[in-house]
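Below: the structure, in structure tokens.
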Amino acid sequence: MGNTDKKNTDNSALEKKQILLRLSPSLHSDLAKWAEDDFRSINGQIEYLLSEAVKKRKGTDQK
């Protein structure tokens with residue numbers, strides 16, 4: 001039983017965090033179209049865009 005608890009603890013570190021995000025209808029529509037063009041879900045598109053922005057910022061901060 002102790003191994004099960006440790007295994008669950010290890011998995012919780014890998015789980016994605018959930019947030020509530022409020023968007024204007026027009027921004028949601030634009031993101032939906034963009035996501036469809038890139039064959040992603042809206043959530044996947046937002047995650048991709050945020051990841052790219054963070055990578056860019058980290059690259060800029062390191063210079």
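Coordinate-derived values only; no laboratory data. All values reported here derive from a predicted model rather than from experimental measurement. Positions of Cβ are backbone-derived with ideal geometry, glycine not excepted, and every protein chain shown enters the neighbour counts.
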Inside region 33-63, the number of residues satisfying the requirement of being among the aliphatic types (A, V, I, L, M) and either touching a Cys at 6+ places or on another chain (Cβ under 9 Å) or in contact (Cβ under 8 Å) with a residue 12 or more places away in the chain (or both) is 2
Mind counting the residues in region 33-47 that are within 17 Å of L20 (Cα to Cα) and in a helix (DSSP H, G or I)? 6
By residue number, the members of region 20-63 that are among the aliphatic types (A, V, I, L, M) and surrounded by fewer than 10 Cβ atoms within 10 Å (Cβ to Cβ) are L20, L21
